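Bear in mind that the values in this text are calculations on the coordinates, not laboratory data. This structure is a prediction, so every number in the text was calculated from the model and none was measured. A quick note on method: Cβ atoms are made from the backbone with ideal geometry, for glycine too, and the neighbour counts reach across all protein chains shown.
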């Protein structure tokens, strides 16, 4: 049976205006390309201007719509600037994917430096708060929207030594998502967190930097492997789209069975 033309042309994010941070590589870059293919108009943020521009060129070359604004997510004014760019370029904002993050400086409790601790929390948690702070009011003006945070399995389903600051900052996103979901549910703004398993990104590679460590991480997962960034991007697409219209305040586990795997 042939597919009707209107279904062939349907795109999940048609004309949705989306901010993605951490968009220069990994999950952010994969999401940018996927969202663009689904009709989104993108504002992409990250520190690396050259890499951001390359992603924009890829997207626009494939017929998509994207604009890059480089900056540091730890700076509150940058969060505001990204929202202003979305308004200036496209007229508003529908989705904020606050994905930027860092592993920080791993270390056991006695070796944790206060400056490193604060920097990790600033990058992973406070920056997401800055993002939501400026994104939500613009979504309300358009009748609603979707805010997404990228959390992690570390500290949620598995504890790893030396990852205390990382886990604490990423688990804070889950609590923030729940509280913001209640605060803004009446305005039709949904707030959710992704909880990915191990994912093949440049940042993750700094942790699993040798074959033995990578093999250990792969064994954490029931599927016996780590994710391609596109697999996590597809979950983000669901949360960004109207397909998840009744999903808010959730910690969406996309972990290849990490949370239920107890294999040695």
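Tabulated data
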read-out: Order by protection proxy (mean Cβ within 10 Å, highest first), peptides 253-261, 90-98; value: 90-98, 253-261
read-out: Over the chain, relative contact order from alpha-carbon pairs under 8 Å, at least 6 apart, %; value: 19
read-out: Cα-based Rg of region 155-264 normalised by 2.2 N^0.38 Å, two decimals; value: 1.16
read-out: Kirkwood hydrodynamic radius of region 77-168, from inverse mean 1/r over distinct Cα pairs, in Å; value: 14.6
read-out: Convex hull volume of the chain per residue (C-alpha atoms, cubic angstrom); value: 146
read-out: Mean residue ellipticity (222 nm) of the chain, computed from DSSP H runs ≥ 4 via -39,500 (n - 2.57), nearest 500; value: -13500 deg cm²/dmol
read-out: Sites residue 65 and residue 140 - FRET efficiency at Förster radius 25 Å, r taken between beta-carbons, to 0.05; value: 0.60
read-out: Sorted by Cβ density within 10 Å, fewest first, the residues 221, 54; value: 54, 221
read-out: Degrees, to the nearest 10: 164-184 long Cα axis against longest axis of the chain; value: 30
read-out: Mean Cβ count within 10 Å, highest first, over the residues of peptides 111-117, 69-75; value: 69-75, 111-117
read-out: Likely footprinting exposure, 152, 102, fewest C-beta neighbours within 10 Å first; value: 102, 152
read-out: In degrees, nearest ten, helix 26-37 long axis to first principal axis of the chain (Cα); value: 20
read-out: 37 °C / 0.692 mPa s Stokes-Einstein diffusion coefficient of region 91-145, Kirkwood radius on C-alpha pairs, µm²/s; value: 254
read-out: Gaussian network model of the chain, Cα within-10 Å springs - most flexible of 250, 24, 105; value: 105
read-out: By average C-beta atoms within 10 angstrom, highest first, the peptides 10-16, 237-243, 130-136; value: 130-136, 237-243, 10-16
